[in-house]
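Structure, as structure tokens:
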Amino acid sequence: MKNIIRFLIALISISTAISCTDEVKNRDAVSPNTAPVLKSPTSLSLVLTKSNAADDATTFVWDYAAYNGTATVVTYNIEFAAAGTNFAAPTTIATTNSKFANFTVDELNTAALNAGFAPSIASDIDVRIKATVGTTGSIPQASNFFTITLTPYPSWPNWSMIGSAFDAPATDWSTDFDMDYSLSTHLYSKTIHLNGGKEFKFRLEHDWGTNFGDDGNNLSLDANGANIPVPVSGMYKIVANFSANPVGGMAGKTYTITLQ
């Protein structure tokens, strides 16, 4: 009886293997057929503003791509690139399986900044749709492209310097000097004249609710810390990482102050 059961199990296993093999053989290889076609917007020029961040900005619409062979899930990547670069270094701003993608002002602004377009400057941007299949982004098919113009706004926290170390009349801890933010390093910096024997601190959004000093005068940023002294008068470059994590080659919550 046991031998019969073993024989039946082996027979079922062989039949299953043959069936699976035949199923694989019967699958047609997937190959490109028709690329997606970007339909709209054919043109777009927007000055994005933070006050309208939640408003609808635009909707990208395209026709589905077609592939030969076994039916498979198609993924669509919306790509931004600097106009006229032939998508040499595109940035994927969204991914979907649908044939459209809606963007609010904030989402479109974030997409433009992440693609490397500077805030407060009108940039011409080429937009296209790239279709792929599988989990590894295989068999890409790129659509036509349209050129849009976007002027993004700064969407990172506004850190500034304040104190008695600045030139008159900003010597009474009442004037903020906004720092510049780098999209590539994610660090804040400021090159400015400081007066020796005076002090300064960093604060967020021109408010004392969140501020940093340096309790040990050791280039670390301490919440509500001591005023930072300036040793001698001169032009200084100050670079700060207000994040708790290392970015741009700097440890978290640290700064540098370098006499130029």
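The values are calculated or read from the model by the stated rules, or taken from the named source; none is laboratory data. Just so it is clear, the structure is predicted and the values come from calculations on it, not from any experiment. With ideal geometry, Cβ positions are generated from the backbone for all residues, glycine too; neighbour counts draw on all protein chains shown. To get the accessible areas, we keep the full protein, side chains included, count just its heavy atoms, and leave off ligands, DNA and RNA. Shrake-Rupley method; radii C 1.70, N 1.55, O 1.52, S 1.80 Å.
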**Request:** State the extension gain, in nm to one decimal, for the chain segment bounded by ALA118 and PHE177, taking 0.36 nm per residue of separation less the distance between their alpha-carbons.
**Result:** 19.2 nm
**Request:** Whenever you get a sec, compute what percent of the accessible area on the stretch 144-260 sits on carbon and sulfur atoms (1.4 Å probe).
**Result:** 52
**Per residue, in Å², the accessible surface of the stretch 125-247 once ligands and nucleic acids are set aside, probe 1.4 Å** = 45
**Asked** Charges only on Cβ, +1 for Lys and Arg, -1 for Asp and Glu: so what's the dipole of the chain about the Cα centre, in debye to the nearest 20?
**Response** 1120
**Request:** Pairs of Cα atoms under 8 Å, at least six residues apart: use those to get the relative contact order of the chain, whole percent.
**Result:** 14
**Request:** Tell me what the chain gives for mean residue ellipticity at 222 nm when only DSSP H runs of n ≥ 4 count, each as -39,500 (n - 2.57), the sum divided by the residue total, rounded to 500 deg cm²/dmol.
**Result:** -4500 deg cm²/dmol
**Request:** Could you state the angle between the C-alpha long axis of helix 2-26 and the longest principal axis of the C-alpha atoms of the chain, as a value from 0 to 90 degrees rounded to the nearest 10?
**Result:** 70
**Message:** At 0.36 nm per residue, and after removing the present C-alpha to C-alpha distance, how many nm does the segment from SER51 to SER189 gain when stretched out fully?
**Reply:** 47.1 nm
**Message:** Quick check: the angle from helix 105-114's long axis to the longest principal axis of the chain, C-alpha only, nearest 10 degrees?
**Reply:** 90
**Request:** Would you mind getting the accessible area per residue of the stretch 40-86, heavy atoms of the protein chains only, 1.4 Å probe, in Å²?
**Result:** 53
**Prompt:** With +1 on each Lys and Arg Cβ and -1 on each Asp and Glu Cβ, how big is the dipole of the stretch 51-138 about its Cα centre, in debye rounded to the nearest 20?
**Reply:** 340
